[in-house]
1. At 1.4 Å probe size, put Asp128, Asp134, Asp38 in order of accessible surface, largest to smallest.
2. Calculate the spin-label point distance for Ala108 paired with Val130, positioning each point 7 Å from the Cα along the beta-carbon direction, and give it in nanometres.
3. Order the following by accessible area, largest value first: Tyr78, Tyr135, Tyr110. Probe radius 1.4 Å; ligands, DNA and RNA are ignored.
4. Is segment 65-138 best put as rounded, prolate or oblate by its Cα gyration tensor, with a ≥ b ≥ c the root eigenvalues, rounded for a/c under 1.5, and otherwise prolate when a/b is larger than b/c, oblate when not?
5. Residues of segment 46-138: accessible area per residue at 1.4 Å, in Å²?
6. For Val96, put the label point 7 Å out on the Cα→Cβ axis and report which residues of segment 119-138 keep their amide N under 15 Å from it.
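The values are calculated or read from the model by the stated rules, or taken from the named source; none is laboratory data. In this text the structure is predicted, and so the values were computed from the model without any measurement. All Cβ positions, even for glycine, are placed from backbone atoms using ideal geometry, and neighbour counts span all protein chains on display. Keep in mind that these areas ignore ligands, DNA and RNA; they rest on the heavy atoms of the full protein, side chains included. Shrake-Rupley method; radii C 1.70, N 1.55, O 1.52, S 1.80 Å.
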Amino acid sequence: MKNKISAIIIILACVCFSFSYNNHDKDSMNEKMEQSNDSVLRHVVLFKFKDGTSPEDIKKVEEAFHALPSKIPQIAGYEWGTNNSPEGLDKGFTHVFFLTFNSEEDRAIYLPHPDHKAFGAVLGPHLDDVLVMDYWTN
């Protein structure tokens, strides 16, 4: 009888351990799913200005871009800066603007937005080249 009780206790312990282990795996999987749901869409824009563009005109472009997040609510985040890499691989690109969107739908509203188009009109006469890349964060 003691052997049967011991065997039942061992079986119950194994079942409980197995259930606990499986729930841990599910929690871990859910955590990974939540992390992927926390992913954001980055929109990276680099500018190369035409030779001879004045510092005043570049400042106007910077200010026009800085105004976009206050005009377009779909922009969830904004950063910018100028190149200071010592590697010399910038190919003449001097400015980077880094926008964050929560969805592709938000980006789709931003791209044709009248304020974004108005910014393009400020930038256009001074732009030699532009590089744009979008990606979802991991």
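1. Numbers: Asp128 85, Asp134 60, Asp38 115 Å².
Correct descending sequence by accessible area is Asp38, Asp128, Asp134.
2. Result: 2.1 nm between the two label points.
3. Working: Tyr78 65, Tyr135 95, Tyr110 0 Å².
In descending accessible area the options line up as Tyr135, Tyr78, Tyr110.
4. Numbers: a/c = 2.10, a/b = 1.36, b/c = 1.55.
Taking the square roots of the gyration eigenvalues as a ≥ b ≥ c, segment 65-138 is oblate.
5. On the way: 5810 Å² over 93 residues.
Dividing the accessible area of segment 46-138 by its residue count gives 62 Å².
6. 131-135
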